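Take a look at the structure below.
No value in this document is a laboratory result; all are computed from the given coordinates. This structure is a prediction, so every number in the text was calculated from the model and none was measured. Neighbour counts run over all protein chains shown; Cβ positions are idealised from the backbone, glycine included.
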Amino acid sequence: MTDFIPAAVGVLHPGAMGMSLVAALTSVGHRVYWCDVGRSAATRTRANDAGAIATASIAELAAASDIVISVCPPDAALSVAQQVADVGFAGIYLDANAIAPRSSSLIAERFGDCYVDGGIVGPPAILPDTTRLYLSGERATELDRLFAGSPLETVALAEGGTAASALKMCYAAWTKGDSALLLSVRALAARHGVGAALESEWQRSQPGLLNRAERVAVAVAPKAWRFSGEMREIADTYEQGGLPRGFHDAAAEFYAELATFKNQQGVSLADLLDHLSRG
């Protein structure tokens, strides 16, 4: 059923990534709904610009949709799924959040054969060839062409089950875990008074790390509050795989320390280190 194209898609609760999915769906002719309760004026403007149709409740969104896609912070994934299940939604439910396979399995229990596991790799899907939505589960192939012709590429995994979430966790374990480690090393050196000495040594033996730390600080600081929950999901994935979970538990704590920079633009590495030095 690779040619299945739904008449209507509901997207819950879209931030930057979710709004890019909304725009991708509307760009290829799908009717897209979202729930605007409690959302900011800026978010409403972005949704309107993307062509989304506002609904007053999850029940209203679910009633209008053939497919519901959840794109929210990892900590909220189970709660959002429960709210959709509670209103009796009978269509396909796609969880596209950064969650552990075990969390995905818990959500699957609420939707049975109508559940599709998803994992997004890449930035918000604005430009082609940058972002992929991995899909797994019995009905994954039905959604494989959902975004055909849009900037978002879909990939149905033959492994099935919760493979999409597992892949996302493995990918983010490195990309976001690596960023946490790099920034925490800079903070550690600053606390021990050897920041300048470390910079000098890196200039000699690890060229590029200094500039990378600056870039990572600017990119990560406004979003670190979301990464904390994702790190805990990755830690759970390690544990489920019989491997030590400690590094990503620590990364979760580290990102939680940066929550003060939520949605702030222009945060520098110096700002970040100054904040961490007060701990």
- prompt: Taking the inverse of the average 1/r across all pairs of different Cα atoms in region 170-276, what Kirkwood radius in Å do you get?
  reply: 14.2
message: Under 10 Å, Cα contacts only: if you run a Gaussian network model on the chain, which one of Asp49, Asp75, Asp66 comes out with the highest mean-square fluctuation?
response: Asp49
message: How big is region 8-161 along each principal axis, measuring the range of its Cα positions in Å and listing the largest first?
response: 38, 36, 25
statement: Sorted by chain and number, the residues with a modelled amide H under 5 Å from that of Leu12, at a separation of 5 or more or across chains, are Ile69, Ser70, Val71
Using a Förster distance of 35 Å, the FRET efficiency for Ala59-Gln265 (Cβ separation, nearest 0.05): 0.45
message: Using the Karplus curve 6.51 cos²θ - 1.76 cosθ + 1.60 with θ = phi - 60°, what ³J(HN,Hα) values do you get for each residue of region 127-138, in whole Hz, with x for Gly and Pro?
response: 9, x, 6, 10, 9, 10, 9, 7, 10, 8, x, 4
field: Modelled FRET efficiency - R0 22 Å, Ile126 with Ala219, Cβ distances, 0.05 increments
entry: 0.90
- prompt: What FRET efficiency, computed as 1/(1 + (r/R0)^6) with R0 = 30 Å and r the Cβ-Cβ distance, is obtained for Asp274 and Glu201, rounded to the nearest 0.05?
  reply: 0.85
message: I'd like the Karplus ³J(HN,Hα) series for region 10-22: coefficients 6.51, -1.76, 1.60, θ = phi - 60°, whole numbers in Hz, and an x wherever there's a Gly or Pro.
response: x, 10, 10, 9, x, x, 4, 5, x, 5, 5, 5, 4
Amide hydrogen neighbours beyond the local backbone of Val155, cut-off 5 Å, H modeled: Leu133, Tyr134, Leu135
query: Say we join alpha carbon atoms closer than 10 Å with springs in a Gaussian network model of the chain; which of Leu61, Leu243, Leu157 then has the biggest fluctuation?
result: Leu243
statement: Computed ³J(HN,Hα) along region 105-114: with the Karplus parameters 6.51/-1.76/1.60, θ = phi - 60°, integer Hz and x for glycine or proline, the list is 5, 5, 5, 4, 4, 7, 10, x, 5, 8
field: Neighbourhood net charge (12 Å Cβ-Cβ; Lys/Arg +1, Asp/Glu -1) for Thr175
entry: 0
- line: For Asn97, the residues 5 or more places away or on another chain with a placed amide H closer than 5 Å to its own amide H are Gly118
For Thr260, net neighbour charge (Lys/Arg +1, Asp/Glu -1) across residues whose Cβ lies under 11 Å away: 0
